[in-house]
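The values are calculated or read from the model by the stated rules, or taken from the named source; none is laboratory data. Quick caveat: nothing in here was measured; it's all calculated off a predicted structure. Here the Cβ positions follow ideal geometry from the backbone for every residue, glycine too, while neighbour counts run over all protein chains shown.
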Amino acid sequence: MASILVSEVMTGTYEFEDSGGDSVKNLSEAKVDVEYTIREIETNDNELKSFLFTLGCYEGETVTVISVLAENYVISVKDARYSIDWELAKAIIV
Amino acid sequence: MKIALTGNPNSGKTTMFNAITGKIEHVGNWAGVTIEKKEGDIKKNLNKTGIEITAVDLPGAYSMSPFTSEESITRDFVKNENPDVIINIVDATNLSRSLFFTTQLMELGIPVVVALNKSDLNEKKKTAINVKALSKALGCPVIKTISTKVSDNGLEALISKAVEVKGKSQTAPYDSKRIDFANAKAVEASDKKRYEFVNSIVSNVEDRKVSSNHQTKQDAADRILAHKWFGIPIFAAVMWAVFSISQTHLGPLLADTFAGWIDGLYAWTEGMLGEGVSPILSSLLLDGIIGGVGAVVGFLPLIMVLFFLLALLEDCGYMARVAVVMDRFFKRVGLSGKSIIPMVIGTGCAIPGIMATRTIKNERQRRTTAMLTPFMPCGAKLPVIALFAGTFFDDAAWVGTTMYFMGIAIIILGALIVVRITGEKNARSFFIMELPEYRFPSIKRATISMLSRGKAFIIKAGTIILLCNAAVQVMQTFNWQFQVVAEGAESTSILASIASPFAILLIPLGFGVWQLAAAAITGFIAKENVVGTLAVVYSITNFIDTEELALVSGGADVASVMGLTSVAALAYLMFNLFTPPCFAAIGAMNAEMEDRKWLWGGISFQFGMGYVVAFLTYQIGTLITTGSLGTGFITGFIAVAVMVGYVVHLVIKGNNKAQQKLKMSA
Amino acid sequence: MTNIIVGVVIVSIIGLSIAKVICEKQKGVKCIGCPHAGSNNKKSNCSCNTAKLDR
């Protein structure tokens, strides 16, 4: 119990450092040009999850939103740019 | 000896394959161009050993675990066919992702040579990679390559290295052999460790001056080109420019010269034949073969200019942005963002486009995409567009541009209808697409692509088109008693009697004459046949006037021969573009859909769509231009109403199905 | 006489193009003269039997 609390506090402070106090939960709410650390990929779709993994998009890795175009987000993962849609951005918990 | 080319999507495998084998396979600056493996022998000047080496180009993969079927092609090939050496093409600008796959490849026990491709891009970004250290860390040779360059590209070194390592053993730097693959958790944990290992290598060998997650000029360009509101107008402007250059300006200029040669050939043959030759034979040779094929080939310069421009677009990386722009609309109608790739490929030829639907996992989306891809105007439809734009609309670039956007609009409408009929509108899909870096398009690559397509066009004209034209000529010369049709009694010919029943159906569309019906029918064999058949049945030798240095400046003549109003001509053009594609494309649809019901549903849908679009264009256009409705309005209206009614019925049925599904799950 | 020559010319043109069609078909080209219409050159077991992944 105590350990869960600690970890929550820790991630809380981590977010604080990253996003400047915003309570950003997933990538769809993320600010442009701020580096976030992925906490979880929230989806029932295991295939999608493992696909994202092979791109280097998984827990612990960093991701940056480069721009928001209409309903798509341009993100930078590892050294590549990807365009993802809003649903997918929502599934990436940071 | 067999070498497999593997690597991440868009790392340049096919470009390298073309460079080392001298083949001309389709390349584009976006992920997922290659969908099937391709084989070729390595060029002699790169291969000094004298042993025959076969290179196999495989579709891109991010890892050994298959997510899409083209990724599993790669995995199956590497695992089952035991290539002697694997060349792993690594995108030097994205080491940390690419090496994940490299470490997996190295576990297979087949010698691996890493080709550090796109190293020129790294120099521009001031990123340095220590090749020696990388080679040591991986335990396999690493060669810097720039496969887009002609010389000094590292390819010779790469091939000789590949020959050298054949049969030698390498130790995988990261080994996961002891892991139980049935246990998903363990695999995940192992893969995470693999990534950690890769990251540690990268941090050691890569010296990156500019971090990749900072805004660049490219990102600024993305924000404009893929903008919410500007994206589509920019795409429209780009397409308009492409058509304007190919169809209104540069194309006709070249076409005139070219048509002059064809005319010369015609006149020369006519002179050679002289007077004594039987009119049947001379008209078969002159009007059927030379005239018909010449009419199609006359458009070759226009098409080559167009292909050249499209190749430039594909090469610079813009197409991936178009996919992003379109995703928004496609998602609304239940297609995935991936559906765009087949459609972009479909602008060249519908068949590879339909085959590219394989990358779509969702069965309904895959079948819907396969059914709708042929609505994109393919290369074979361009002569038809060019003919009508030239004859009736004074070479206007808007005709071609409109046809492209009509195609897109029909695809969106079609997808909307299909998703309602299947009752799966609640299905969700995710869209993720790699955005390749923009680059200055290569004139050389575009030229090669243009020449290879031009060659294919000529081959087609010399085979299928030629045979069809000869057949059409024979069929219109004779009647069913095999007697020569008398002048003035053309409607008794075999061709006329076959085509006439169809022509009746086309009266409400404004072009109910047997000649046009016959051309539309031969169009199902190959769309260029529409042009060829029209030339044969109206004995027009040339649609391009050489005298006045303008494409079809005698357009008024051609138009009067055909007896069509501009509106009816536009309706006829649309009918030909938006009915089912050629038989070869239908065969491809059959292969990818794997379902009779879907195939026949798709074909009927395409027929219905062509009919309705042509009907509306003709009737509304006639109403606007003349103030009264066109001929056969009532009958046509009933036919269209029945078709629309049936679709509505199916949609309602589909809705009920969807509601039942909801109830079931609730 | 000229008729025979012209006839032979026509037959040989048509014969050539039929021969070309047959030759391409035997190579397994799906659409002759279509750009990149995908011919699996050399023997290959195609990719038709790859497992379908349906979600």
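For B:L254, indicate whether it is under 15 Å from B:F308 (Cβ atoms), of a type outside the set (D, E, K, R) and at pLDDT 85 or above.
Criteria met by B:L254.
Yes or no, residue by residue, for (1) touching a helix residue (DSSP H, G or I) at 6+ places or on another chain (Cβ under 7 Å); (2) modelled with pLDDT of 80 or more; (3) under 30 Å from B:R208 (Cα atoms); (4) part of a loop (DSSP other than H, G, I, E, B):
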site: B:G40; (1), (2), (3), (4): yes, yes, no, no
site: B:K44; (1), (2), (3), (4): no, yes, no, yes
site: B:E52; (1), (2), (3), (4): no, yes, no, yes
site: B:P66; (1), (2), (3), (4): yes, no, no, yes
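Please name all residue pairs, on different chains or six or more residues apart, with Cβ atoms under 6 Å, provided the first residue is in the range B:502-522 and is among the hydroxyl-bearing types (S, T, Y) and the second residue is at pLDDT 90 or above.
Sorted first by the residue in the range B:502-522, then by its partner, the pairs are B:T522/B:C468; B:T522/B:N529; B:T522/B:T533.
Contact list please: Cβ distance under 6 Å, first residue in the range B:303-320 and within 12 Å of chain C (Cβ to nearest Cβ), second residue outside any helix (DSSP H, G or I), pairs at least six apart or on different chains.
B:E314/B:G28
Determine, yes or no, whether B:M589 is under 22 Å from B:A518 (Cα atoms) and either surrounded by 15 or more Cβ atoms within 10 Å (Cβ to Cβ) or modelled with pLDDT of 90 or more (or both).
In short, no.
Restricting to the range B:343-359, and then to whatever is in contact with a Lys or Arg (Cβ under 8 Å, 6 or more places away or on another chain) and within 10 Å of chain C (Cβ to nearest Cβ), can you tell me which residue is surrounded by the fewest Cβ atoms within 10 Å (Cβ to Cβ)?
Checking each candidate, the answer is B:R358.
Tell me, which residue of the range B:648-666 that is in contact with a helix residue (DSSP H, G or I) (Cβ under 6 Å, 6 or more places away or on another chain) and at pLDDT 90 or above is nearest to B:A503 (Cα to Cα)?
Out of the qualifying residues, it is B:L650.
B:D222 versus (1) more than 10 Å from every other protein chain (Cβ to nearest Cβ); (2) acidic (D, E); (3) surrounded by 20 or more Cβ atoms within 10 Å (Cβ to Cβ): which is the lone unmet condition?
(1)
Taking B:F502, is it in a loop (DSSP other than H, G, I, E, B) and away from every other protein chain (no Cβ under 14 Å)?
Judged against the criteria, B:F502 is not a match.
Any residue that is of a type in the set (S, T, Y), closer than 30 Å to B:A323 by Cα and either touching a residue at least 24 places away in the same chain (Cβ under 8 Å) or part of a helix (DSSP H, G or I) (or both) - is there at least one of those in the range B:247-266?
Among the residues of the range B:247-266, at least one is of a type in the set (S, T, Y), closer than 30 Å to B:A323 by Cα and either touching a residue at least 24 places away in the same chain (Cβ under 8 Å) or part of a helix (DSSP H, G or I) (or both), which makes the answer yes.
Only one of these is closer than 23 Å to B:G294 by Cα, among the hydrophobic types (A, V, I, L, M, F, W, C) and modelled with pLDDT under 90: B:A456, B:A517. Name it.
Only one candidate passes the filter, namely B:A456.
Restricting attention to the range B:1-57, report how many residues are over 22 Å from B:L451 (Cβ atoms), hydroxyl-bearing (S, T, Y) and free of Cβ contacts under 8 Å to residues at least 40 places away in the same chain.
0
List the number of the failed condition for B:I3; all other conditions in (1) over 21 Å from B:K149 (Cβ atoms); (2) away from chain A (no Cβ under 14 Å); (3) at pLDDT 85 or above hold.
B:I3 satisfies all of (1) over 21 Å from B:K149 (Cβ atoms); (2) away from chain A (no Cβ under 14 Å); (3) at pLDDT 85 or above except (1).
Restricted to the range A:59-94, and to residues that are at the interface with chain B (Cβ under 8 Å from one of its Cβ atoms) and basic (K, R), which residue is nearest to B:V324 (Cα to Cα)?
Out of the qualifying residues, it is A:R81.
Quick grid of which residues meet (1) among the hydrophobic types (A, V, I, L, M, F, W, C); (2) within 18 Å of B:C468 (Cβ to Cβ); (3) modelled with pLDDT under 85:
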| site | (1), (2), (3) |
| --- | --- |
| C:T2 | no, no, yes |
| C:I5 | yes, no, no |
| C:V11 | yes, yes, no |
| C:I14 | yes, yes, no |
| C:I18 | yes, yes, no |
| C:G28 | no, no, yes |
| C:P35 | no, no, yes |
| C:G38 | no, no, yes |
| C:K42 | no, no, yes |
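Output the residues belonging to the range B:416-447 that are in a loop (DSSP other than H, G, I, E, B), modelled with pLDDT of 85 or more and in contact with a strand residue (DSSP E or B) (Cβ under 9 Å, 6 or more places away or on another chain).
Passing the criteria: B:P436, B:E437.
Give the range A:47-58 a look and list any residue that's more than 8 Å from every other protein chain (Cβ to nearest Cβ) and either assigned to a helix (DSSP H, G or I) or farther than 19 Å from A:R81 by Cβ (or both), or say none.
Scanning the range A:47-58 gives a single hit, A:K49.
Is it true that some residue in the range B:389-411 is within 13 Å of another protein chain (Cβ to nearest Cβ) and either closer than 26 Å to B:A584 by Cα or buried (at least 24 other Cβ atoms within 10 Å of the Cβ) (or both)?
Scanning the range B:389-411, I find no residue that is within 13 Å of another protein chain (Cβ to nearest Cβ) and either closer than 26 Å to B:A584 by Cα or buried (at least 24 other Cβ atoms within 10 Å of the Cβ) (or both), so the answer is no.
Here's the yes/no breakdown for (1) at pLDDT below 50; (2) among the charged types (D, E, K, R); (3) over 17 Å from B:F430 (Cα atoms); (4) in contact with a Pro (Cβ under 6 Å, 6 or more places away or on another chain):
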residue	(1), (2), (3), (4)
A:S3	yes, no, yes, no
A:V9	yes, no, yes, no
A:E17	yes, yes, yes, no
A:N26	no, no, no, no
A:E29	no, yes, yes, no
A:V34	no, no, yes, no
A:E42	no, yes, no, no
A:E47	no, yes, no, no
A:L52	no, no, no, no
